[in-house]
Amino acid sequence: MKNSKSNTLSYDVIVIGGGASGIMSAIEAGRRGRKVLLIEKNKNLGEKLKISGGGRCNITNATYDTREFLKNYGKSSEFLFSTFSSFGVKDTFSFFENLNLPLVVQARNRAFPHTEKASDVVRVMVKALKDNNVKVITGSVVKNIIHEGNKIQKILVDKNEYTAISYILATGGVSHPETGSTGDGFKWLEDLGHKVKAPTPTIVPIATSDKWIHALSGISLSFMKITFFVERSNSPIPKKAFSKTGKILFTHFGLSGPLILNSASQIWDLLQEGIVTAKIDAYPDTEINILDEQITKIFDKNKNKTFKNVLKEILPLGTMPGIVSLLKDIDEDTKVHSITKIQRRKIVDTLKALPVNVTHLMGYDRAVIADGGVLLSEIDTKTMRSKILNNLFITGDLLNINRPSGGYSLQLCWTTGYVAGNNA
């Protein structure tokens with residue numbers, strides 16, 4: 001409806017942000033017969049969705065027990081049980097199946113669309129917006145959110161004013177700023193009276209200064225153990241912090257892959273304490289003496305071969321260009337029978353403790369997820385309504401909730417978007 005006296009348009013619900021949680025909330029509000037407007041500053045909806053999961057879109061994690069699923073959100077889990085009881089993992093499966101996009105479950109319980117195309121997720125959700133009469137405007141920037149007392153009065157978008165009974169803020173966080181996630185929502189929320197924890201990249205690769213790692217860029221190994229150490233100023237001896245085993249991806253700047261991404265927030269904390277190093281065990285399921293015996297047997301079978309021609313039988317597949325640089329005291333052209341016991345033990349020790357020197361976490365441009373946002377104590381998580389402004393609902397990455405990769409971030413968006421859309 002347009003007010004003839006001014007350039008003001010009125011709706012029941014206005015959703016700001018056309019990402020995962022914004023689209024979900026708009027669909028659900030529309031299904032309830034509400035007159036809904038969805039505003040997105042990009043030219044197209046779902047830009048971050050399109051690149052999620054490497055373009056495959058890890059929609060959720062198929063852990064169906066709600067309490068078990070919520071363990072992945074740390075301290076935030078105590079706030080989220082009622083939220084996820086309203087719309088959980090099983091509901092996400094049903095939602096997409098009803099949109100004719102069934103899901104498939106793969107390694108580590110990660111669920112993807114059966115087509116393994118993130119663009120299909122966006123496609124079916126955009127169709128659902130149309131089917132539920134949601135008005136969508138794209139390429140439009142919200143200039144200001146005007147409030148008075150404990151209510152939002154209107155928003156200014158380009159040259160227009162929009163008013164609504166309820167407003168849903170779903171602008172996302174700061175990861176992947178190239179998709180439009182530039183943290184606008186955080187500033188608005190602070191201006192509206194909310195306390196906002198400053199964001200940091202939490203699911204992000206790490207940068208290292210190790211040339212042997214950079215030389216292996218693109219190599220991925222599924223079963224490796226990495227142990228992190230921190231050297232504090234009051235102690236010259238590095239202290240063991242934590243260990244994890246899983247998949248590591250070597251990059252031109254350092255390390256990535258699920259194991260590293262899900263360790264990033266812990267590594268960030270260590271970097272605040274001192275110098276961070278790590279050791280990678282390339283054979284975590286093999287004791288050091290057993291590995292020594294296995295390499296000895298390989299040497300015995302290849303006594304007259306050169307060291308470089310035997311290395312491929314010793315090193316993990318594809319790692320020779322990098323690891324060989326750590327074994328400089330053994331000439332590549334040395335005959336195997338000439339390698340000493342001490343040199344052989346050096347090979348064993350290196351494979352059980354490949355050195356890593358962490359310099360920093362990569363930035364928001366490479367972050368899968370960044371934390372920060374409104375404290376959950378300021379949200380009624382049964383409805384996602386703000387406790388500061390009674391006609392504002394807040395969803396997705398604007399909430400200060402730490403979570404790992406593997407479908408947990410998008411499930412948070414589906415759940416909070418659904419709950420907001422059903423209460424706005």
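When a/c is below 1.5 the answer is rounded, else prolate if a/b is larger than b/c, else oblate, so apply that to region 1-149 with a ≥ b ≥ c taken from the square roots of the Cα gyration tensor eigenvalues.
Prolate shape, in that a/c is at least 1.5 and a/b is the bigger ratio.
Mind pulling the angle between the C-alpha long axis of helix 341-352 and the longest principal axis of the chain? Nearest 10 degrees, somewhere in 0 to 90.
With both axes taken from Cα atoms, the answer is about 10 degrees.
Excluding THR286 itself, what net charge comes from residues whose Cβ is under 12 Å from its Cβ, given Lys and Arg +1 and Asp and Glu -1?
Combined, the nearby Lys, Arg, Asp and Glu give -3.
What does the charge dipole of region 310-424 about its Cα centre add up to, to the nearest 20 debye, if the Cβ of each Lys and Arg holds +1 and the Cβ of each Asp and Glu holds -1?
With only Lys, Arg, Asp and Glu charged at Cβ, the dipole is about 360 debye.
How far, in degrees from 0 to 90, does helix 20-31 lean away from the longest principal axis of the Cα atoms of the chain, to the nearest 10?
30
ALA198 versus PHE242, label points 7 Å from Cα toward the beta carbon: distance in nm?
According to this spin-label approximation, the distance is 2.2 nm.
Less than 15 Å Cβ to Cβ from THR66, Lys/Arg counted +1 and Asp/Glu -1: what total charge do the surrounding residues give?
Local net charge: +1.
Starting from the Cα of ARG31, move 7 Å in the Cα-to-Cβ direction to define the label point; list residues of region 117-142 whose amide nitrogen is under 16 Å from there.
Residues 124-134 qualify, since their backbone N sits under 16 Å from the label point.
Suppose only helical runs count, i.e. DSSP H with n ≥ 4. What mean residue ellipticity at 222 nm does that imply for the chain under -39500 (n - 2.57) per run, divided by all residues and rounded to the nearest 500 deg cm²/dmol?
That calculation yields -9000 deg cm²/dmol at 222 nm.
What residues qualify as long-range amide H neighbours of THR395, i.e. H under 5 Å apart, gap of 5 or more or another chain, H built at 1.01 Å from N?
LEU169
In sequence order, what are the phi-derived ³J(HN,Hα) couplings for region 70-82 according to the Karplus relation 6.51 cos²θ - 1.76 cosθ + 1.60 with θ = phi - 60°, rounded to whole Hz, with x for glycine and proline?
Each residue's phi maps through the Karplus curve to give 5, 4, 7, 9, x, 5, 5, 4, 5, 8, 9, 4, 5 Hz.
What's the center-to-center distance, using Cα atoms, between region 250-328 and region 221-248 in Å?
When both Cα centres are located, 14 Å separates them.
How far is it, in nm, from the label point at VAL141 to the one at ALA353 when both lie 7 Å from their Cα along the line to the Cβ?
Placing both labels 7 Å along Cα→Cβ, they lie 5.4 nm apart.
Given +1 on the Cβ of Lys and Arg, -1 on the Cβ of Asp and Glu, and no further charges, what dipole in debye does the chain carry about its Cα centre, rounded to the nearest 20?
Magnitude of the dipole: close to 400 debye.
How far is helix 118-131 tilted, in degrees, relative to the longest principal axis of the Cα atoms in the chain, given as a value from 0 to 90 rounded to the nearest 10?
The answer is roughly 10 degrees.
Need one word for region 207-295: rounded, prolate or oblate. Basis is the Cα gyration tensor (sqrt eigenvalues a ≥ b ≥ c); a/c below 1.5 gives rounded, then a/b vs b/c decides.
oblate
Going by how many other Cβ atoms sit within 10 Å of their own, how do THR359, THR277 line up, fewest first?
Starting with the residue having the fewest Cβ neighbours, the order is THR359, THR277.
Is the shape of region 288-354 best called rounded, prolate or oblate, per the rule: a/c under 1.5 gives rounded, else a/b larger than b/c gives prolate, else oblate, with a ≥ b ≥ c the square roots of the Cα gyration tensor eigenvalues?
Since a/c stays below 1.5, the shape of region 288-354 is classed as rounded.
Starting from 0.36 nm per residue, how many nanometres of slack lie between GLN266 and ASN390 once their C-alpha separation is accounted for?
That pair, GLN266 and ASN390, stretches by 41.1 nm at full extension.
Testing the spin-label approximation: label points 7 Å from Cα along Cα→Cβ at SER119 and ASP158. State their distance in nm.
2.6
Taking the dipole about the Cα centre of the chain, with the C-beta of Lys and Arg at +1 and of Asp and Glu at -1, give me whichever of THR334, ILE347, ILE146 is farthest to the positive side.
It is ILE146.
Which value, in nm² and rounded to one decimal, describes the direction-averaged projected area of the C-alpha convex hull of the chain?
Answer in nm², one decimal: 23.4.
Please report, in debye to the nearest 20, how large the charge dipole of region 35-171 is about its Cα centre when each Lys and Arg carries +1 at its beta carbon and each Asp and Glu carries -1 there.
I would put it at about 320 debye.
If each residue's Cβ is checked for other Cβ atoms within 10 Å, how do THR251, THR286 rank with the fewest at the top?
In order of increasing Cβ crowding within 10 Å: THR286, THR251.
Computed from the coordinates by the stated procedures, all read-outs in this text should not be read as laboratory data. Predicted model only: the values in this text are computed from it and were never measured. Neighbour counts are summed over all protein chains in view; Cβ atoms, including those assigned to glycine, are modelled from backbone coordinates with ideal geometry.
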